[in-house]
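See structure below.
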Amino acid sequence: MNDSAVKRALTAIVMADVVGYSRMMGENEAGTLQRLTQYRSDFIDPTIALHRGRIVDSIGDSLLLEFGSVVDAAQCAIALQQMIADRNASLPDSKRINFRFGVNIGDVIVKDRTLFGDSINVTARLQTLAEAGGICFSSAAYDQVRGKIDAEFTDMGAHQLKNIARRIEVFALSAQAIGEM
């Protein structure tokens, strides 16, 4: 592919993943799928749209989201974690669907409405560092939301993420901090 023919965009990226999804599917495939589908239709998809985001890809339990603003991306992730916690409150632990989120901003390659590139990979790795109900931000994303979102971030320091050449500074919002917002 000719570099001049590659379409690029600077975008806010969110990666979401269900914690323990494989175990949940192993225990009750139909019930897990039904609950996840219900969450998506009841509030996940509408909340993404409300925050001016779009679902780029959805595979099983994971979502790749794109936003024009990191503040919109962060507010969406926070709102979703709050709604998920509310929905889970009345359920037994075995039926709870908990997400973890990663938020990043970066330059991406856009091909057929799909996003590619290092920034996507960094976001996917950030998501794995988040606790259940929490959100991890790259320093680039954190710099954009600092002072715009009233939240207690934790500086997790620099991390060497799997298959990422450089160390990434990570800031986290814990489930507890999100619940106190």
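The values are calculated or read from the model by the stated rules, or taken from the named source; none is laboratory data. All of these numbers come straight from a predicted model, not from anything done at the bench. Glycine also receives a Cβ, built like all others from the backbone with ideal geometry; neighbour counts cover every protein chain displayed. Each accessible area value is taken on the protein alone, full model and side chains, heavy atoms only, with ligands, DNA and RNA left out. Shrake-Rupley method; radii C 1.70, N 1.55, O 1.52, S 1.80 Å.
Restricting attention to region 1-46, the residues that are surrounded by 13 or more Cβ atoms within 10 Å (Cβ to Cβ) and either part of a helix (DSSP H, G or I) or among the aromatic types (Phe, Trp, Tyr) (or both) add up to 14. Within region 31-49, being within 16 Å of the chain's Cα centre (by Cα) and not hydroxyl-bearing (Ser, Thr, Tyr) holds for Leu36, Arg40, Phe43, Ile44, Asp45, Pro46, Ile48, Ala49.
For Asp155, state whether it is farther than 30 Å from Ala5 by Cβ, outside any strand (DSSP E or B) and out of contact with any helix residue (DSSP H, G or I) (no Cβ under 6 Å at 6 or more places or on another chain). No, not satisfied. Scanning region 52-73 for residues that are surrounded by 16 or more Cβ atoms within 10 Å (Cβ to Cβ) and touching a Phe, Trp or Tyr at 6+ places or on another chain (Cβ under 7 Å) yields Gly53, Asp61, Ala73. Residue pairs whose Cβ atoms lie under 7 Å apart, separated by 6 or more positions or on different chains, with the first residue in region 146-163 and farther than 17 Å from Ser174 by Cα and modelled with pLDDT of 75 or more and the second open to solvent by 80 Å² or more (accessible area, probe 1.4 Å) and among the basic types (Lys, Arg), are Ala158/Arg167. Of all the listed residues (Arg125, Arg113), the sole one being open to solvent by 40 Å² or more (accessible area, probe 1.4 Å) and closer than 28 Å to Asn28 by Cα is Arg125.
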